[in-house]
Amino acid sequence: MNDSNQPMQDIAHLGNVELLTPQPSRSLWYFRDILGMEIVHYGAQSVYLRGYGDYATSTLKLTEAKQPGVGCISWRTSSAAALARRAAAIEAAGLGIGWTEGDFGRGRAYRFRDPDGHRMEVYYEETPYRAADHLRSTLKNLPMKYTGRGVGVRRIDHLALLADDVCANRKFAQELLGFQLREQVLYQRGTQEIGSWLSPSPVHHQVAYVKDVRGARGRLHHFSLWVDNREDVLRAASIITEAGVFIEAGPSMHNNSQGFYLYTYEPGGNRVEIYSGSYLVFAPDWKPVTWNEEERGTGVYWGGALPESFLTYATPDVEQDTANQPVKVPVFDPS
Ligand SMILES: [Fe+2]
């Protein structure tokens with residue numbers, strides 16, 4: 001591969017996700033007691049959490065808000081120089097907001113919006129995590145001990161964002177963030193881009209952009225947390241059901257991404273996925289896999305069909321008739 005084809009590797013991985021919740025106490029109960037995440041810090045209107053396998057100090061920020069949705073999505077760069085390069089490129093593209101001094105666990109960051117309006121930032125400096133004595137693992141290479149509380153999610157995995165224009169956001173992620181396109185759903189002989197799955201790391205996808213059938217902007221479809229195997233997903237289904245939390249779909253297996261999934265709504269209203277399986281991608285010259293209407297179907301490889309809410313509900317929720325120009329729900333109508 002010559003220099004002109006050298007992949008840009010300025011972004012290392014998804015670092016932190018801020019979820020907005022109108023039910024902060026109940027959401028905290030869900031992530032701490034049911035999913036088993038650990039609280040590491042309290043802010044003015046936010047609580048900072050982590051999975052036991054996350055190397056970062058905090059990977060989830062729960063912030064009280066009037067409506068559910070996603071707040072700031074933080075991407076760690078591969079170096080300080082990469083941070084400067086990405087900030088300059090994003091600013092030149094007219095999407096920049098500006099520098100901040102950073103948030104709990106992280107150094108200064110450059111904030112921006114993707115073309116659909118989702119708030120994001122890039123940062124490099126990371127405060128090393130040191131577990132409190134009662135959370136220290138006897139395993140030297142485990143950042144924090146496995147507490148066995150609830151589902152016991154290991155780490156954050158990915159986000160699925162809705163977008164009015166999937167193509168524009170996918171190009172933004174490829175060209176300005178250097179993400180590799182892994183899979184796509186293209187309808188009408190490849191002319192209608194319904195969804196694109198992208199990643200800056202070997203993790204299959206760390207962000208997905210999927211068509212917002214309501215024609216709204218800046219919405220979250222789901223936030224995904226990783227468990228080590230399928231049995232953990234099945235166990236999660238029992239734990240979540242016993243806790244009286246709504247399960248929307250699964251456990252089942254997707255065709256694209258090969259993900260083994262369980263979708264729930266946390267009490268604030270955001271859709272949360274408990275996720276395993278999938279596959280890693282190591283090829284520097286990966287050729288994106290594309291799916292058409294017939295091949296994609298409802299996105300289910302096996303298991304029950306996804307309910308209509310999976311296509312129409314996202315956070316914040318919007319009414320069909322108050323959105324710009326509702327488009328026909330495409331997934332259930334391959335004609
Ligand atoms: Fe997902």
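Name every residue in the stretch 298-310 that is in contact with a strand residue (DSSP E or B) (Cβ under 9 Å, 6 or more places away or on another chain), surrounded by 14 or more Cβ atoms within 10 Å (Cβ to Cβ) and on the phi < 0 side of the Ramachandran plot, in order of residue number.
Of everything in the stretch 298-310, those that are in contact with a strand residue (DSSP E or B) (Cβ under 9 Å, 6 or more places away or on another chain), surrounded by 14 or more Cβ atoms within 10 Å (Cβ to Cβ) and on the phi < 0 side of the Ramachandran plot turn out to be V300, Y301, A305, L306, F310.
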Study note, to complete from the structure: Checked H222, H158, H204 against criteria (within 16 Å of the ligand (Cβ to nearest atom), modelled with pLDDT of 95 or more, part of a loop (DSSP other than H, G, I, E, B) and touching a strand residue (DSSP E or B) at 6+ places or on another chain (Cβ under 7 Å)); the one match is H204
Practice item. Confirm whether S238 is small (G, A, S), without any contact (Cβ under 8 Å) to a residue 24 or more places away in the chain and either part of a helix (DSSP H, G or I) or touching a strand residue (DSSP E or B) at 6+ places or on another chain (Cβ under 7 Å) (or both). Key: yes
Review point. Looking at this structure, is V213 modelled with pLDDT under 95 and away from the ligand (no atom under 15 Å from the Cβ)?
Key: yes
Exercise for review: Among the residues of the stretch 294-335, write down those that are at pLDDT 55 or above and aromatic (F, W, Y).
Suggested key: Y301, W302, F310, Y313
Revision key, fill the gap. Among L135, L142, the single one that is surrounded by fewer than 20 Cβ atoms within 10 Å (Cβ to Cβ) and within 26 Å of G277 (Cα to Cα) is L142
Exercise for review: Please determine, by comparing only the residues of the stretch 240-265 that are buried (at least 20 other Cβ atoms within 10 Å of the Cβ) and of a type in the set (V, I, T), which one is farthest from the ligand (Cβ to nearest atom).
Suggested key: I240
Revision key, fill the gap. Scanning the stretch 202-227 for residues that are charged (D, E, K, R) and under 20 Å from E266 (Cα atoms) gives R219
Point to revise | Residue, farthest from the ligand (Cβ to nearest atom), within the stretch 266-291, restricted to residues that are crowded, with 16+ Cβ neighbours inside 10 Å and more than 19 Å from the chain's Cα centre (by Cα) | key: T290
Check your understanding: Within the stretch 241-269, can you find the residues that are in contact (Cβ under 8 Å) with a residue 40 or more places away in the chain and of a type in the set (D, E)?
Key -> E248, E266
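For (1) within 22 Å of the chain's Cα centre (by Cα); (2) within 29 Å of A237 (Cα to Cα), each residue gets a yes or a no:
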position: D33; (1), (2): yes, yes
position: G36; (1), (2): yes, yes
position: G53; (1), (2): yes, yes
position: A65; (1), (2): yes, yes
position: C72; (1), (2): yes, yes
position: A93; (1), (2): no, no
position: G107; (1), (2): yes, no
position: R119; (1), (2): yes, no
Practice item. Could you give me the residue pairs with C-beta distances under 8 Å whose first residue belongs to the stretch 270-287 and is on the phi > 0 side of the Ramachandran plot, whose second residue is within 11 Å of the ligand (Cβ to nearest atom) wherever it lies, and which are 6+ apart or on separate chains? Key: G277/G259; G277/F260; S278/H204; S278/S257; S278/G259; S278/F260
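The values are calculated or read from the model by the stated rules, or taken from the named source; none is laboratory data. Nothing here was measured: the structure is a model prediction, and the numbers come from that model. Because the Cβ atoms are built from the backbone with ideal geometry, glycine has one as well, and the counts that use them run over all protein chains shown.
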